[in-house]
Amino acid sequence: MNKSYETIFENNKKWIEEKIGQDADFFSNLAKGQSPEYLYIGCSDSRVSAEEMMGLHPGELFVHRNIANVVNTLDMNSTAVIQYAVEHLKVKHIIVCGHYGCGGVKAAMNPEDLGLLNPWLRLIRDVYRIYQKELDAIECEHKRYDRLVELNVQEQCINIIKMACVQERYIVDDYPIVHGWVFDMKTGKLIDLDIDFEEILSDIQKVYDLTNSSWVMSRKKNKNLQND
Ligand SMILES: [Zn+2]
């Protein structure tokens, strides 16, 4: 039987020693609780290591990962993560991070039947449909693929901004801000797509405004009174 996984337990022992060597209270502090400033939504791809590439430590990043970093209103998993991060952890920034060379985005670009994966890939194919004119105009297939990775990130940011919990908290606290990034694994660089959160929010509120509930308005009023 292949016991290569046992290396992981050896690694774990070394990691514990290393951490305690640097800070004797590391694990007792870790166990006290979390208040991360960032929610990271990224791809499950094994080559994209969120904390490592961002230089963050345990407790600093709340993480959700799935194939091609998709956020869909009918997916309880991602929406529960976002709602918890926004309402309870009160994260200040939500980052959707895609990556060039994404297998999920690549699969979505080929119109073939992939069985159980179809409903998931359809969410990315829908992004292609929205931007079909722009994408079809790109002759180079690699560039078209890279652009779909970026547009997919942008659309998932929009899906997050559509959520009531995000709009409601932003009105009251001026947070969270939603960011769209792409990781380029050929260079290791994180690229900021400069998503204009405020502009997208005001644009989509014409259709998706979910902030008229009386409790949001009364909280906003209270906040304004405190500031006066
Ligand atoms: Zn991927």
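Rounded, prolate or oblate: which fits the chain when a ≥ b ≥ c are the square roots of the eigenvalues of the alpha-carbon gyration tensor, with rounded for a/c under 1.5 and prolate only if a/b beats b/c?
Oblate is the answer for the chain, as a/c is 1.5 or above yet b/c matches or exceeds a/b.
For region 72-87, just list the computed ³J(HN,Hα) in residue order, Karplus coefficients 6.51, -1.76 and 1.60, θ = phi - 60°, integers in Hz, with x standing in for Gly and Pro.
Running phi through 6.51 cos²θ - 1.76 cosθ + 1.60 with θ = phi - 60° gives 10, 4, 8, 8, 4, 5, 5, 5, 5, 4, 5, 4, 4, 5, 7, 7 Hz.
In the Gaussian network model of the chain, springs joining C-alpha atoms below 10 Å, which of PHE62, PHE183, PHE27 carries the largest mean-square fluctuation?
PHE27
Please list, ordered by chain and number, the residues whose modelled amide H lies under 5 Å from the amide H of VAL48; skip anything fewer than 5 residues away on the same chain.
Long-range HN contacts for VAL48: none found.
Using the Karplus curve 6.51 cos²θ - 1.76 cosθ + 1.60 with θ = phi - 60°, work out ³J(HN,Hα) for each residue of region 19-24 in order, rounded to whole Hz, and write x for Gly and Pro.
5, 5, x, 7, 7, 4
What's the center-to-center distance, using Cα atoms, between region 140-194 and region 1-25 in Å?
34 Å
Springs between alpha-carbon pairs under 10 angstrom, Gaussian network model over the chain: which of ASN152, ASN11, ASN69 fluctuates most?
Among ASN152, ASN11, ASN69, the largest mean-square fluctuation in the Gaussian network model of the chain belongs to ASN11.
Excluding same-chain residues fewer than 8 positions from LYS223, which lysines have a Cα within less than 22 Å of its Cα?
By straight Cα distance, LYS223 reaches LYS90, LYS92.
If the cut-off is a Cα-Cα distance under 19 Å, which aspartates and glutamates reach LYS106, setting aside same-chain residues fewer than 8 apart in sequence?
ASP45, ASP126, GLU134, ASP136, GLU139, GLU141, ASP146, GLU150, GLU155, ASP184
When ILE138, ILE82 are ordered from fewest to most other Cβ atoms inside 10 Å of their Cβ, what list results?
Result, fewest neighbours first: ILE138, ILE82.
Within region 51-91, whose backbone N sits under 15 Å from a point 7 Å along Cα→Cβ of LEU210?
Inside the label zone: 71-88.
Just to be sure I follow the definition: excluding the sites themselves, where is the longest run in the chain that has none of the trypsin sites (Lys or Arg not before Pro) in a DSSP loop with at most 16 other Cβ atoms within 10 Å?
93-185
Pick from GLY188, GLY42, GLY103: which residue has the top mean-square fluctuation in a GNM of the chain where Cα pairs under 10 Å get a spring?
Its mean-square fluctuation being the largest, the pick is GLY188.
For the chain, give me the percentage of DSSP beta bridges that are antiparallel, rounded to the nearest 5 percent.
20 percent
Whole-Hz ³J(HN,Hα) for each residue in region 52-58, computed from phi via Karplus 6.51 cos²θ - 1.76 cosθ + 1.60 with θ = phi - 60°, x for glycine and proline: what do you get?
4, 6, 9, x, 9, 10, x
What number, in percent, do you get for the relative contact order of region 69-210 if the mean sequence gap of Cα pairs under 8 Å and at least 6 apart is divided by its residue count?
32 percent
Under a 5 Å amide H to amide H cut-off, with H placed in plane at 1.01 Å, what residues pair with VAL63 once short-range neighbours are removed?
Under 5 Å from the amide H of VAL63: TYR40.
All of the numbers you see were taken from the coordinates with simple rules; none came from a lab. Remember, predicted model here, so these are calculated numbers, not experimental data. Backbone-built Cβ (ideal geometry, glycine too); neighbour counts: all protein chains shown.
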